[in-house]
Amino acid sequence: MPSEEPRKPARMMCLRFGTIAVDLGFIRPQDLIEALEMQVTEDLAGNPHRSIGTILLARDLLSSEQVDAVLKVLFTRRPAERDAAR
């Protein structure tokens, strides 16, 4: 059985990216909810999976600089904070 370890960073990014974007004031909670609904709808339709950041960028709700800022926060958190976020 494959290890779950390689999936943890991607899983964490999917779960936390939008929350960080809201916390930073880049998007509204409703924007995140709509992006999540779009992501699930696309996945269920068999379309290629898109990250929340990609969806928000495509909808002009985030700039590429804001995506970078969210990723910086996401990947510079201390390991204990990342573990608590799961």
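The values are calculated or read from the model by the stated rules, or taken from the named source; none is laboratory data. Being a predicted model, the structure only gives us computed values, none of them experimental. Neighbour counts are summed over all protein chains in view; Cβ atoms, including those assigned to glycine, are modelled from backbone coordinates with ideal geometry. Ligands, DNA and RNA are excluded from the accessible area calculation, which covers all protein heavy atoms including side chains. Shrake-Rupley method; radii C 1.70, N 1.55, O 1.52, S 1.80 Å.
Table for the structure above
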item: Pairs, first over 22 Å from residue 26 (Cα atoms) in the stretch 37-58, second open to solvent by less than 80 Å² (accessible area, probe 1.4 Å) and assigned to a helix (DSSP H, G or I), C-beta under 8 Å, six or more apart; result: 48/42; 49/39; 49/42; 49/43
item: Subset of the stretch 30-75 that is acidic (Asp, Glu) and more than 10 Å from residue 18 (Cα to Cα) - its residue that is surrounded by the most Cβ atoms within 10 Å (Cβ to Cβ); result: 34
